[in-house]
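Scroll down for the structure; my scribbles are underneath it.
Please treat every number below as a calculation from the coordinates, not as lab data. Nothing here was measured: the structure is a model prediction, and the numbers come from that model. Glycine also receives a Cβ, built like all others from the backbone with ideal geometry; neighbour counts cover every protein chain displayed.
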Amino acid sequence: MPLFHDDDQAMLADTATSFMAEEGNIAKHLRHWRDRDCKDGFGHGLWKQMAEMGFTGMLVSEDDGGLGMGHVEAGIVLEQIGRNLTPSPFLTSSVLAATALNHASSDLKGRYLPGLVEGDSVFAVAIDETAKHRPDRITCKAEKSGNGFKLNGAKSFVIHGASADMLVVAARTSGADDDEDGITLFAVPKDASGMSHDAVRLVDSAMATHTRFDGVELDGDAVIGEVDGGRAILNAMLNAGRIGAAAEGVGVASGAMDMTIDYIKQRKQFGRLIGEFQALQHRAAHLYSEVEIARAATIKAQQLLDGGSERAELMISVAKAKVAKAAGLAVKEGVQMHGGIGMTDEYDIGLYMKRDRALAEFLGDAYFHANRVAQLSGY
Amino acid sequence: MSDLEQFRSETRSWLEANCPPEMREPVRDDDDTYWGGRNATFKNDAQKAWFEACRDKGYTVPSWPKEYGGAGLAPAEAKVLREEMSRINARPPLSSFGIWMLGPALLQFGTEGQKQRFLNEIARGEIRWCQGYSEPGSGSDLVSMQTFGEDKGDHWVVNGQKIWTSYANHADWIFCLVRTNKEDKYHGITFMLFDMTSEGVSTKPILLISGNSPFCETFMDDVKVPKSYGEDVPGYVGTINRGWDVAKYLLGHEREMISGMGGGDRTAAIGAAMQRQAGKTGDELDPLLRADLAMFDVDALAFTAMSEKFMDEMKAGKGHPAQPNMMKYVGTELNKRRHELMMSTGGTQALEWESETTGGGKPSRNWLRTKANSIEGGTSEVMLNVISKRILELPGA
């Protein structure tokens, strides 16, 4: 398979590009909701529109009402979300939660997937427990209780945790905190009794929660997949979420880069366009190279994941790390090359810097994934 | 089974039958690479057998047309062959500037007669070519070159000096940029072809910081270059005074080739190999060195994907025409970083310049050699200029 979009994918990219630029742009969404102190952090109207476009169910099979597409296609939409800094539950609901639910019983699928695909419900995922992404260690406990489970513990960095209808929660049903086995995934209604959500606004204006579970009672049928068999599903979610975040990061990086290149072609100092200065040209050219490579790593990882390759995990971590580095460079160079106005809230470049920071942290930063590349390579 | 799968399985069996085990080992010494030419000798029977099998099959230049000594493979087939060769670690059967540089130029600009003669000679490893571009006063600013060919009717008389001519002392023929009009900088250069044994040609190897001499100075003192070597075989490529078009085309090719040196699916990541190497000398990787290796592996594996994407896009006629400059820039910078890390992992052992353990100072000599990667074929700074100008369209670049 060549490493570029085929005709159908190119058509989808055209659609997603104009849709997000028109309907999901910074003025209409990120600034709009932020300036109104919206506690959801995104617009439900846009989520419904995205459902009408077919985006919400891209990774859901056709049998379950979705489009049965792959991660290359989801990545196409995510890149445009990144480029427009569009706040939406796409990554948490349509990528992470949808991947989990694809492993669920037909009963659970029937209960939750239609709402997700229709854009009527929003899903959050509760995986992280500490300030850094450490999915190998899960201490949040679900103990057998009657026909169901009792959930105790805490999760943090739950994006859209307070506005979601449902949370997919990774909990420990057996074994020690660091055990590979003994993980079970649960579909938990947000307002289940015993659950509390401490919602905080993040640097990128997204809303996240610290969520506590104090003896939350769950039916046995809240289990996604098998009891104690959640690790494989969690890994599938992480693969999907990480490569999705990488694709979104490519959008953030190229959005910031394009805006900056445009700016240095217009801004005059010392009687000439600052883009004429070689000091800036070489840095811009280096940035371009890094962003192109990050994009290549991302599409390679998407294709490997869609093809079920055993090399997918390695390449996903390569892509996530590379994108974090490239996008980090794009936003830092972006602010610097914009000069003073790059520091103002009025200009969008700073918004890219904020989003990049949060996105890089999501499901593992560059350090986490470079370390993982080393581990997967055997050192 | 699709045609391509059929081709893959045939290729796999052919390689199994024809690629000797010795030719599936990494290239270690200079004579592990077979360059062909009038005076070539084989290091061993395996090298000879592998070369001859490929030559007879057209696999020294798989994608060249059959009538010119190639196998006429379609891009997708050529990719399969590359993948299958890389799967078993097969060495290239024949390396040469004829394959990498002159061949592509002739395929693009040559006459039928030139293709019939020179391409076949290259494909069969009969003639070894070298490239005469740079001059002492013309490095990055190549077009300022001064070597002059005086028009004498049916031939030119060429005088001047070239520098950085790779392996000129081993080459049979040279493709050489010669000024034929002093009034017009860009439209006054002719891309000439001549025999290195011509009277007046002499070479002098240049000793590099690596202690090796892969490059020469090449002197031309009243060298007679015929305008024709026979019917439809001109002594120059393209049009007289329009050799710069050919040179520019070839520089693009050279950049692709050099950029490829940083890629390669099997050699891209080095961390695991470095840990094994450290283990051999009883060392462990320092945690910060391990971190640098991991960051390098991220960049190297990402660049491998970029190389694949770049090749796929080239074949499909997509991608920006100036993209080879980006590939060259990143590929060479990566390769330099790779060797810095290999030196750091090797520690004091890697410092040994003349010892058996290091095969005569391989680590340090190779490390020093890579410093030229970002200079030859266009410096990194020139590559960044080209990206700024042609891809980003920055003003006044």
Unit charges on C-beta of K, R, D, E only; dipole of the protein assembly as shown, Debye: 1600
Fluctuation leader among A:Gly230, A:Gly244, A:Gly45 - chain A, Gaussian network, Cα springs under 10 angstrom: A:Gly45
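Order of B:69-75, B:129-135, B:278-284 by packing, highest average Cβ count within 10 Å first? Intermediate values should be presented prior to the final figure.
Numbers: B:69-75: 18.3, B:129-135: 24.1, B:278-284: 11.9.
Packing proxy ranking, top to bottom: B:129-135, B:69-75, B:278-284.
Starting from the eigenvalues of the Cα gyration tensor, five times each then square-rooted, give me the equivalent ellipsoid semi-axes of the protein assembly as shown, largest first, whole Å. Walk me through the numbers before you get to the answer.
Working: eigenvalues 609, 172, 115 Å².
Over the Cα atoms of the protein assembly as shown, the semi-axes work out to 55, 29, 24 Å.
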Candidates B:Trp35, B:Trp14, B:Trp244: whichever shows maximal mean-square fluctuation once chain B is modelled as a Gaussian network with Cα springs under 10 Å: B:Trp14
Shielding by other protein chains, B:214-227, mean Cβ within 10 Å: 0
In range of the label at A:Ser105: residues from segment A:128-149 whose backbone nitrogen is under 17 Å from the point 7 Å along Cα→Cβ: A:144-149
Residue with peak Gaussian network fluctuation, chain A [Cα springs, cutoff 10 Å], from A:Gln302, A:Gln269, A:Gln281: A:Gln269
Estimated dipole of segment B:261-391 in Debye, rounded to 20 [Cβ of Lys and Arg +1, of Asp and Glu -1, Cα centre]: 500
Amide H contacts of A:Thr56 (H built 1.01 Å from N, under 5 Å, at least 5 apart or other chain): A:Ala51
Normalised contact order of chain B, rounded percent, pairs of Cα under 8 Å and 6 or more residues apart: 12
Straight-distance crosslink candidates among lysines, where the alpha carbon sits under 17 Å from A:Lys265 and sequence neighbours closer than 8 are dropped: B:Lys389
Gain upon complete extension [A:Val203, A:Arg267; 0.36 nm per residue less C-alpha separation]: 20.2 nm
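What full-extension length gain, to one decimal in nm, is calculated for B:Gln108 and B:Glu231 as 0.36 nm per residue of separation minus the Cα-Cα distance? Walk me through the intermediate numbers first.
Numbers: separation 123, 0.36 × 123 = 44.28 nm, distance 1.93 nm.
Result: 42.4 nm gained on full extension.
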Sites A:Glu180 and B:Glu126, calculated FRET efficiency, Cβ-Cβ separation with R0 60 Å, nearest 0.05: 0.50
For chain B, the fraction of alpha-carbon pairs in successive 20 Å shells from zero, as %: 24, 58, 17, 0
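May I ask you to give the average projected area over all directions of the convex hull of the Cα atoms of segment B:316-397, in nm² rounded to one decimal? Please list the in-between numbers first.
Numbers: hull surface 28.8 nm².
So the mean shadow area of the Cα hull is 7.2 nm².
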Distance in nm between pseudo-label sites at B:Asp29 and B:Ser344 (7 Å out along the Cβ direction from Cα): 3.2
Euclidean distance of C-alpha centroids, segment A:300-368 and segment A:242-296, integer Å: 13
Per-selection metrics, chain A (Cα): Rg and Dmax in Å: 20.7, 78
Degrees between helix A:7-23 axis and first principal axis of chain A (Cα, 0 to 90, nearest 10): 80
Out-of-range pairs (alpha-carbon distance over 25 Å; input A:Lys322/B:Lys328; A:Lys155/A:Lys325; A:Lys28/A:Lys268): A:Lys155/A:Lys325; A:Lys28/A:Lys268
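Quick check for me: using +1 on Lys/Arg Cβ and -1 on Asp/Glu Cβ, what's the dipole size of segment A:125-228 about its Cα centre, in debye to the nearest 20? Please list the in-between numbers first.
Values: 11 positive and 19 negative charges, 80 e Å.
That gives a dipole near 380 debye.
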Dipole of the protein assembly as shown, positive direction: furthest Cα of B:Leu107, A:Ser156, B:Pro205, with charges on the beta-carbon: B:Pro205
Positive-end residue of A:Ala245, A:Met207, B:Ala322, charge dipole of the protein assembly as shown with Cβ unit charges: B:Ala322
For segment B:3-95: rounded, prolate or oblate by the Cα gyration tensor [a/c cutoff 1.5]: oblate
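Count the net charge of all other residues whose Cβ sits under 14 Å from the Cβ of B:Lys48, scoring Lys and Arg as +1 and Asp and Glu as -1.
In short, -2.
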Under 5 Å, built H, 5+ apart or other chain: amide partners of A:Leu167: A:Ala124, A:Val188, A:Lys190
Over chain A, relative contact order from alpha-carbon pairs under 8 Å, at least 6 apart, %: 16
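What shape does segment A:7-121 take by its C-alpha gyration tensor, where a ≥ b ≥ c are the square roots of the eigenvalues and a/c under 1.5 counts as rounded, a/b above b/c as prolate, and the rest as oblate?
Details: a/c = 2.36, a/b = 1.34, b/c = 1.77.
Here segment A:7-121 falls in the oblate category.
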